[in-house]
């Protein structure tokens, strides 16, 4: 193989009650990346479109991943990458994760696939560390595994794939405002009442069971976050309006995607997803903040190969 | 029907990471209860064996449940009950719950089964309130539904049945010491670090997924409780020895049953369950505390009818 083109999906982390544990991959939104084998050794990023990101491989999420993989698995060739960002960094949809996971997947193909999905996740976490300063796993694992993923444990890293009910759809709105990672971390409570923690874990347990059994009512009842959402939602303009419109239009639930500002809603079926999309769009049109919207199936296969030769 | 004899199972609540949320029913341990239709209206308890409990219906967990049901659904007959306790109150195996759940199930049969399992759970919670002072749902719902149950929510009450992997076995040791409910409540932290809560809910999510997929490795990895067990285990003599022996002998995990002092271990298959049983028994034989031991399948059907005429 001399050339590879892939699609690496956007992802929603912190799915409601699954803060820091549960992520999902979006089907219709993501990055396109190309990889070209070169005689010259090393990693070069030759083009990035759609976002202003460092071309220097060491400073780039995707570049850092590729370098780490080639260090672990030395070869007598090099790799040139291009990245075409399909959504913005800072959206809360795992922009750096898509690049990092894409790089891990793509480079692995050129090496003859020596690394498992779990190992690719670990490499991709190096990219998260480069871009965000912390090696979180939920976005990158969702991109690599596809579907819903549970980060059960970091030490050792344990990623569990959770089934995706067939009619599940995601609608997301990305208000064009900046939420600083530091702010979204600073508002988190250091301690939580045991009673609240129990409510949260009972809901997460219900959500996991509902996903396994395609029980949309249970999924809907369980999609609540009484710990992080109340602390963070004031950072996101008109969060309550969006959530309330989504629920009124029939969404199963809604919450903050990652650290925001994107707000996601989960819906059963295309008709309701369309209604939820329209309701959120209408509500936000009257607000003087630009926004992007997405509507998609859940991506169940993870990163996709678009072209290889 | 004039006469009914039932078996109401012992139950394990607070299954490791599922504190206050996840319970399971034990197959081989429980109470036998009889119900006889009488011309005289009202509820009478005529005999209790195996434990020293009030015969006055209003003060008895089973009696209080039966009275509440007959008040809600008046009939022109009365019910006489006998209770034969197969395990001790204060064991942490849901003794009052077995009586309360058994009464709810039994009386419902005489009324022509007007009440759903969820409604029976609510009635049985009245018995828990009578016996323990708080209307907890995890033991009574496990007895009524059988298998694993998740108490996802109290307001409204939402009980979710979780599948039972076929080879799962439970081993339990009941050291003959008293753990006062007040003490076991008092040692609970009021607040927990968010980081610990996340670890706990990620494990509970893993456990639920493992139960749905019969993934014993995942069940084993997830069966940890970093919040309640560390706070409570010093109330239970030689907890660490028992747990360590259970794990060394191949148990998937072990923890405190309910508020203790019973310690339970979950095992894959009869051979390992036998080994775990023997290891725990050996370890405890050298300690000058009497104990009972149990080894059982998981009860998947809940309360069983033994005889009716």
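For the reader, a short list of remarks on this structure follows.
- Among the residues examined, residue B:108 qualifies as assigned to a helix (DSSP H, G or I) and surrounded by fewer than 24 Cβ atoms within 10 Å (Cβ to Cβ).
- Applying the condition of being surrounded by fewer than 21 Cβ atoms within 10 Å (Cβ to Cβ) and outside any strand (DSSP E or B) to the range A:1-46 and asking which residue is modelled with the lowest pLDDT yields A:1.
- Checked against the criterion of being closer than 14 Å to residue B:15 by Cβ and surrounded by fewer than 24 Cβ atoms within 10 Å (Cβ to Cβ), the candidates B:181, B:199, B:213, B:224 yield just one match: B:224.
- Residue in the range A:152-159 that is in contact with a strand residue (DSSP E or B) (Cβ under 6 Å, 6 or more places away or on another chain), surrounded by fewer than 22 Cβ atoms within 10 Å (Cβ to Cβ), modelled with pLDDT of 95 or more and not assigned by TED's automatic domain parsing to the domain that holds residue A:263 present: yes
- Qualifying residue in the range A:166-183 (condition: within 14 Å of chain B (Cβ to nearest Cβ) and in contact with a strand residue (DSSP E or B) (Cβ under 9 Å, 6 or more places away or on another chain)): no
- Failed condition for residue A:289, given (1) in contact with a strand residue (DSSP E or B) (Cβ under 7 Å, 6 or more places away or on another chain); (2) closer than 20 Å to residue A:93 by Cα; (3) at pLDDT 95 or above; (4) not in a helix (DSSP H, G or I): (3)
- The listed residue being assigned to a loop (DSSP other than H, G, I, E, B) and either surrounded by fewer than 18 Cβ atoms within 10 Å (Cβ to Cβ) or touching a strand residue (DSSP E or B) at 6+ places or on another chain (Cβ under 9 Å) (or both), out of A:230, A:189: A:189
- Taken together, A:111, A:67, A:118 contain a single residue that is in contact (Cβ under 8 Å) with a residue 24 or more places away in the chain and under 18 Å from the mean Cα position of the chain (by Cα), which is A:118.
- Qualifying residues in the range B:23-52 (those that are touching a helix residue (DSSP H, G or I) at 6+ places or on another chain (Cβ under 7 Å) and over 21 Å from residue B:67 (Cβ atoms)) - the one nearest to the other protein chains (Cβ to nearest Cβ): B:23
- Conditions (1) part of a strand (DSSP E or B); (2) within 16 Å of the chain's Cα centre (by Cα); (3) buried (at least 24 other Cβ atoms within 10 Å of the Cβ): number failed by residue A:62: (1)
- Given (1) buried (at least 21 other Cβ atoms within 10 Å of the Cβ); (2) in a helix (DSSP H, G or I), index of the condition residue B:264 fails: (2)
- Hey, residue B:247 more than 22 Å from residue A:149 (Cβ to Cβ), at pLDDT 95 or above and out of contact with any helix residue (DSSP H, G or I) (no Cβ under 8 Å at 6 or more places or on another chain) or not: yes
- Filtered by the rule that a residue be more than 30 Å from residue B:249 (Cα to Cα) and not in a loop (DSSP other than H, G, I, E, B), the range B:152-186 gives B:152, B:153, B:154, B:157, B:158, B:159, B:160, B:181, B:182, B:183, B:185, B:186.
- Selection from the range A:193-203 of residues that are in contact with a strand residue (DSSP E or B) (Cβ under 7 Å, 6 or more places away or on another chain) and assigned to a helix (DSSP H, G or I): A:194, A:197, A:202, A:203
- The set of residues from the range A:122-151 being surrounded by fewer than 24 Cβ atoms within 10 Å (Cβ to Cβ), in contact with a helix residue (DSSP H, G or I) (Cβ under 6 Å, 6 or more places away or on another chain) and not in a helix (DSSP H, G or I) comprises A:135, A:136.
- Residue match in the range B:238-257 (condition: in contact with a strand residue (DSSP E or B) (Cβ under 9 Å, 6 or more places away or on another chain), within 14 Å of chain A (Cβ to nearest Cβ) and part of a helix (DSSP H, G or I)): no
- Condition broken by residue B:55, with the remaining ones in (1) outside any loop (DSSP other than H, G, I, E, B); (2) away from every other protein chain (no Cβ under 14 Å) satisfied: (1)
- Output for the range B:267-286, where each listed residue is in a loop (DSSP other than H, G, I, E, B) and either in contact with a strand residue (DSSP E or B) (Cβ under 6 Å, 6 or more places away or on another chain) or farther than 18 Å from residue B:176 by Cα (or both): B:269
- Per-region count, the range A:184-234, residues closer than 17 Å to residue B:193 by Cα, touching a helix residue (DSSP H, G or I) at 6+ places or on another chain (Cβ under 6 Å) and more than 9 Å from chain B (Cβ to nearest Cβ): 3
- In summary, residue B:153 fulfils each of the numbered conditions (1) free of Cβ contacts under 8 Å to residues at least 12 places away in the same chain; (2) more than 14 Å from chain A (Cβ to nearest Cβ); (3) more than 21 Å from residue B:68 (Cβ to Cβ) with the single exception of condition (2).
- Residue match in the range A:72-88 (condition: surrounded by fewer than 20 Cβ atoms within 10 Å (Cβ to Cβ), in a helix (DSSP H, G or I) and either touching a residue at least 12 places away in the same chain (Cβ under 8 Å) or assigned by TED's automatic domain parsing to the domain that holds residue A:13 (or both)): yes
The values are calculated or read from the model by the stated rules, or taken from the named source; none is laboratory data. All of these numbers come straight from a predicted model, not from anything done at the bench. Using ideal geometry, Cβ is built from the backbone for each residue, glycine included, and neighbour counts are taken over all protein chains shown.
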